[in-house]
Amino acid sequence: MSTHSLPNTSQNQPALTTNTSVKTTRYDSLYKVLHWLVGSLILLMLIAKIGFANAITTEDKLNMLIGHSSIGSVLALLIIIRVVKRFVIKSERPIQTIPNWQKRLSGIVHLALYFCLIMIPLTGYLSASFHQLPVMPFTLINLSRVSSSGYVEADFLLMRSIHENMINLLIILLFVHIGGALYHKFIKKDDVMATMTPSKKIKKVE
Ligand code: HEM
Ligand code: HEM
């Protein structure tokens, strides 16, 4: 039986076992858990587009704001851990065996994704602090500062529109990102997708 941790296709193995410049063949478990957890919660949060549009009564809006800011706060925490792991601790990542232009393109898309992942919660909190209604994550604290500073509609609308534009940019980037991942999985049939999917162990190659 093969000792290799990747799918046992003859196409996959040589790229990972003969290339001596490759040290780690997969993202580690924490990278993967953070990637898929943040990914799933972001997709859930995108439903807020429909939720906020359909919230007619004040009670509906308050409940939407509680749910949205609670999940948003959990996401913000996970994103902070992810950014620290990636850019501060600089945990080791696999070097993909793909053409240079694809490395450059995916590098730019990944950086742009991180940019959105930082800007969206940030502008979310700022929108919340300028909000006319109380925004209470887990009903614990009120993020709205309007009771002390007064409501300025232009400030709220500006922050909300940056929040919304960043979300629209994220959606466009996700089309490229997910399209790229599926292209590698189903057309190139290489190991790019396998570096981010669950496996029993991380294979180290000298
Ligand atoms: C909201 C959803 C998602 C976000 C925000 C996201 C974000 C990211 C980011 C920032 C990276 C770079 C990791 C790093 O090197 O630091 C990454 C890698 C990756 N993602 Fe996603 N992703 C999402 C959804 C998906 C989905 C649905 C798939 C599969 C269909 C996917 C497949 C991958 C793969 C295969 C990699 C490794 C690619 C490589 O290292 O070149 N992602 N993702
Ligand atoms: C991290 C991922 C987040 C995503 C994907 C996200 C997504 C969204 C979406 C789709 C909308 C509706 C925009 C529209 O109508 O087109 C929205 C609005 C809003 N979000 Fe977020 N959001 C996130 C984080 C946060 C956070 C952390 C907060 C604050 C704690 C927040 C506060 C708000 C507020 C106050 C609004 C405006 C609600 C209103 O119009 O009354 N968001 N967000």
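Numbers for the structure displayed
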item: Subset of segment 75-129 [of a type in the set (V, I, T), without any contact (Cβ under 8 Å) to a residue 60 or more places away in the chain and in contact with a helix residue (DSSP H, G or I) (Cβ under 8 Å, 6 or more places away or on another chain)]; result: I79, I81, V83, I118, I120, T123
item: Matching residues, segment 175-200, being touching a residue at least 12 places away in the same chain (Cβ under 8 Å) and within 16 Å of ligand 2 (Cβ to nearest atom); result: H177
item: Qualifying residue in segment 90-97 (condition: in a helix (DSSP H, G or I) and of a type in the set (A, V, I, L, M, F, W, C)); result: no
item: Unique residue being within 12 Å of ligand 2 (Cβ to nearest atom) and not acidic (D, E) when the list is I167, I81; result: I167
item: Odd one out for F156, checked against (1) closer than 19 Å to H110 by Cα; (2) surrounded by 18 or more Cβ atoms within 10 Å (Cβ to Cβ); (3) out of contact with any Pro (no Cβ under 9 Å at 6 or more places or on another chain); result: (1)
item: Flag if F130 is of a type in the set (A, V, I, L, M, F, W, C), at pLDDT 95 or above, away from ligand 1 (no atom under 16 Å from the Cβ) and crowded, with 18+ Cβ neighbours inside 10 Å; result: yes
item: Odd one out for S148, checked against (1) at pLDDT below 95; (2) outside any helix (DSSP H, G or I); result: (2)
item: Considering residues of segment 31-74 that are without any contact (Cβ under 8 Å) to a residue 40 or more places away in the chain and of a type in the set (S, T, N, Q) only, the residue farthest from L122 (Cα to Cα); result: T57
item: Among the residues listed as I98, I66, I89, the single one being among the β-branched types (V, I, T), surrounded by 13 or more Cβ atoms within 10 Å (Cβ to Cβ) and away from ligand 2 (no atom under 13 Å from the Cβ); result: I98
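For (1) in contact (Cβ under 8 Å) with a residue 24 or more places away in the chain; (2) over 21 Å from T58 (Cα atoms); (3) within 16 Å of ligand 1 (Cβ to nearest atom), each residue gets a yes or a no:
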residue: F138; (1), (2), (3): yes, no, no
residue: S144; (1), (2), (3): no, no, no
residue: S149; (1), (2), (3): no, yes, no
residue: E153; (1), (2), (3): no, no, no
residue: I167; (1), (2), (3): yes, yes, yes
residue: L170; (1), (2), (3): yes, yes, yes
residue: L173; (1), (2), (3): yes, yes, yes
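The values are calculated or read from the model by the stated rules, or taken from the named source; none is laboratory data. Since the structure is predicted, the reported quantities are computational estimates derived from the model, not experimental observations. Cβ: placed from backbone, ideal geometry, glycine included. Neighbour counts: every protein chain shown.
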